[in-house]
1. Going through the range 92-103 one residue at a time, which ones are crowded, with 19+ Cβ neighbours inside 10 Å and under 31 Å from the mean Cα position of the chain (by Cα)?
2. Of these, R148, R106, which one is over 28 Å from G78 (Cα atoms), open to solvent by less than 70 Å² (accessible area, probe 1.4 Å), out of contact with any strand residue (DSSP E or B) (no Cβ under 6 Å at 6 or more places or on another chain) and charged (D, E, K, R)?
3. Considering only residues that are touching a helix residue (DSSP H, G or I) at 6+ places or on another chain (Cβ under 7 Å) and open to solvent by 60 Å² or more (accessible area, probe 1.4 Å), which ones fall in the range 29-76?
4. Which one of these is under 30 Å from T184 (Cβ atoms) and part of a loop (DSSP other than H, G, I, E, B): L104, L121?
5. Are any residues in the range 178-205 open to solvent by 40 Å² or more (accessible area, probe 1.4 Å) and either β-branched (V, I, T) or farther than 25 Å from W105 by Cα (or both), and if so, which ones?
6. Collect the residues in the range 82-91 that are open to solvent by 10 Å² or more (accessible area, probe 1.4 Å) and either modelled with pLDDT under 95 or not in a loop (DSSP other than H, G, I, E, B) (or both), keeping them in residue-number order.
7. Any residue in the range 77-105 that is acidic (D, E) sitting within a Cβ distance under 7 Å of a residue that is open to solvent by less than 30 Å² (accessible area, probe 1.4 Å) and in a loop (DSSP other than H, G, I, E, B)? List the pairs, counting only those 6 or more apart or interchain.
8. Against the conditions (1) more than 18 Å from K67 (Cβ to Cβ); (2) loosely packed, with under 15 Cβ neighbours inside 10 Å, where does T139 fall short? Just the number, please.
Amino acid sequence: MITAVAVTVLATAGVLGFTWTSRAKPQPDQPPAAPKTVAVTKTDLADYQDFKASLGFGAAQQVTGRKAGTLTWLPAPGGAVDRGQPLYKVDNRPVWLFFGDTPLWRKLDTPGLKGPDVKILKENLAALGFNAGAGEEFTPATVDAVKRWQKAQKVEETGLVDPGEVVVLPGKMRIDSVPARLSTSAEGVLMSVTTPDKAISASVEATQVDVFKKDMKVTVILPSGKETTGTVRGVSTTVQEEKTGDGQAAATVAVDIGLDDPAAVGDLNTGPVRLRVAATTRKGVLAVPVTALLALREGGYAVQAPDGKLIAVKIGLFAGGMVEMSGGGIGEGVQVVTTS
């Protein structure tokens, strides 16, 4: 029994010994792999910058009451007020919203009065269905239109309009906040309003604001990562000082951006977003992936032809993993070596 075990071990040892000392057969030399190449393309390149911004309803505007009396009704924040609708009530009499860019600064009660405030009144009456004639003169026809409008509103038909009875704003408004309280004086700051449409606002460092131009398109990146587009509606000419996260002061400029498709943000009313802007663009330039670019020891850059020859190039804009280049021997369709 012992002898049989010893033979088995020796036999196994002999196999192992043979395995450890045997050599693999020599393999024939393999030809070097062909270098991977890519064609020089003619394309457009754009270098993008991202900016922090906020989704909301644009800049808020204060509404100041000018009619003496007691506040008896106020709108709820978040609601919208259209032309000819009450913005608030004083002594239970409505103060209406009119559209325009010139506030009423005097009582309009005497035929013969002329001015842009009269024109605003007549334009709004006409839009509400009460034709008061054209022009900037307060006429008997205007008085008649005012009375018909007042009758429809179920208020005293005086034929005159006091400046405290109408608030003139650029258009339909959304109630942003209402610091005023019922049973208090109707004079002073009563509320703040915004446009009813969602918009993007950004405070951009003054040194970078030049990339924003009125009417230019920008990409809006929502918190979900979804992208939509916007249009720059305005760039402020006023520089403001803001505190940064580290407590330092920064000079900033406000940029207002409208959403091209407000529905794209869904139910999101407010929140942080990012803006992506094409800061630099190159149209119809020759470009290759940056992985094809070689830095030369003596300085400058080159690309390598499939035969190994180096071709010196002048580089331009880097964008999206591509690099703009020019130089002798470089043209659209030329193959160059790349590392990936």
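The values are calculated or read from the model by the stated rules, or taken from the named source; none is laboratory data. This structure is a prediction, so every number in the text was calculated from the model and none was measured. A quick note on method: Cβ atoms are made from the backbone with ideal geometry, for glycine too, and the neighbour counts reach across all protein chains shown. The accessibility values were calculated without ligands, DNA or RNA, using every heavy atom of the protein model including side chains. Shrake-Rupley method; radii C 1.70, N 1.55, O 1.52, S 1.80 Å.
1. Passing the criteria: L97, F98, G100.
2. On the way: R148 fails: open to solvent by less than 70 Å² (accessible area, probe 1.4 Å).
One residue alone meets the criteria, R106.
3. Here is the first cut: in the range 29-76, the residues touching a helix residue (DSSP H, G or I) at 6+ places or on another chain (Cβ under 7 Å) are 38, 49, 55, 66-67.
Selection gives R66 alone.
4. On the way: L121 fails: part of a loop (DSSP other than H, G, I, E, B).
So the residue among L104, L121 that is under 30 Å from T184 (Cβ atoms) and part of a loop (DSSP other than H, G, I, E, B) is L104.
5. The initial filter retains those residues of the range 178-205 that are open to solvent by 40 Å² or more (accessible area, probe 1.4 Å), namely 179, 181-185, 187, 189, 195-197, 201, 203, 205.
Within the range 178-205, R181, L182, S183, T184, V189, T195, P196, D197, S201, S203, E205 qualify.
6. Once the filter is applied, which keeps residues that are open to solvent by 10 Å² or more (accessible area, probe 1.4 Å) and either modelled with pLDDT under 95 or not in a loop (DSSP other than H, G, I, E, B) (or both), the range 82-91 yields P86, K89.
7. Close Cβ pairs satisfying both conditions: D91/G69.
8. It fails just one condition, (2).
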